[in-house]
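A short write-up of the structure that comes next.
The values are calculated or read from the model by the stated rules, or taken from the named source; none is laboratory data. On a predicted model such as this, the values are computed, not experimentally measured, just so you know. Every residue, glycine among them, receives a Cβ derived from its backbone with ideal geometry; neighbour counts consider all protein chains shown.
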Amino acid sequence: MRGGRAGNLKISQKGLYALQAMMTLARRHDQGAIKIREIAAESDLPEKFLELILLELKNARIVDSVRGARGGYQLRRDPAEIPLSDIIRLVDGPLAPMGDAEQLRGLIAKDSDHRALYEVFLAVRDAAAKILENTTIADIAGTGRGPKGKGRAHTEDRKKKVEA
């Protein structure tokens, strides 16, 4: 691709670990703070790497840390209010399965010979972003608030708002 590179949606190992940790925190959302070693064991994640990820999530105000004997980490919001896109953007950057949207719009404007191709890539990018923005941690965590519970209804409401 001239002027840019079309890639596919890449989620780093760190991004996958962050999503897995968030799923564990969502499943135990009503239990208060969870110790890092428990999150690591339950999610089958390396504890040292998990510490760095949780610190990043804390700095982004997605999780809270609690000090003391009963300390650990917990979600700041209900899992049904945390879209996957927030976590992926934080850890891996823009949602860019086919190059970022601005780059693609620039190519559409500049490269008339390949405009239709870039328009398809932009549509794929937009569709992937929409799915990640409308799927919450609750939807994938199996918390009962996900696909069959409250989280799914919340997600359906969000989809209607996006489409409107």
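Being modelled with pLDDT under 85 and not in a loop (DSSP other than H, G, I, E, B) is the filter here, so list the residues in segment 78-101 that pass it.
Scanning segment 78-101 gives PRO97, GLY99, ALA101.
Which of (1) farther than 15 Å from ALA18 by Cα; (2) touching a Ser or Thr at 6+ places or on another chain (Cβ under 9 Å); (3) crowded, with 19+ Cβ neighbours inside 10 Å does ARG125 not meet, given it meets every other one?
Result: ARG125 fails condition (2) only.
Among what's in segment 60-103 and is farther than 17 Å from TYR17 by Cα and either in contact with a His (Cβ under 8 Å, 6 or more places away or on another chain) or polar (S, T, N, Q) (or both), pick the residue that is surrounded by the most Cβ atoms within 10 Å (Cβ to Cβ).
Per the criteria, the residue is ALA80.
Considering each residue of segment 23-46, count those that are in contact with a helix residue (DSSP H, G or I) (Cβ under 9 Å, 6 or more places away or on another chain), over 17 Å from SER12 (Cα atoms) and assigned to a helix (DSSP H, G or I), and give that number.
Going residue by residue through segment 23-46, those that are in contact with a helix residue (DSSP H, G or I) (Cβ under 9 Å, 6 or more places away or on another chain) are 23-29, 34, 36-46.
Cutting the leftovers down to over 17 Å from SER12 (Cα atoms) gives us 24-29, 34, 36-42.
Add one more test, that the residue is assigned to a helix (DSSP H, G or I), and what stays is 24-27, 29, 36-42.
Final tally of qualifying residues: 12.
Could you please let me know if LEU54 is touching a strand residue (DSSP E or B) at 6+ places or on another chain (Cβ under 7 Å), crowded, with 19+ Cβ neighbours inside 10 Å and assigned to a helix (DSSP H, G or I)?
Numbers: touching a strand residue (DSSP E or B) at 6+ places or on another chain (Cβ under 7 Å): yes; crowded, with 19+ Cβ neighbours inside 10 Å: yes; assigned to a helix (DSSP H, G or I): yes.
Answer is yes for this residue.
State whether the residues of segment 123-140 include one that is under 22 Å from ILE11 (Cα atoms), of a type in the set (A, V, I, L, M, F, W, C), modelled with pLDDT of 95 or more and in a loop (DSSP other than H, G, I, E, B).
no
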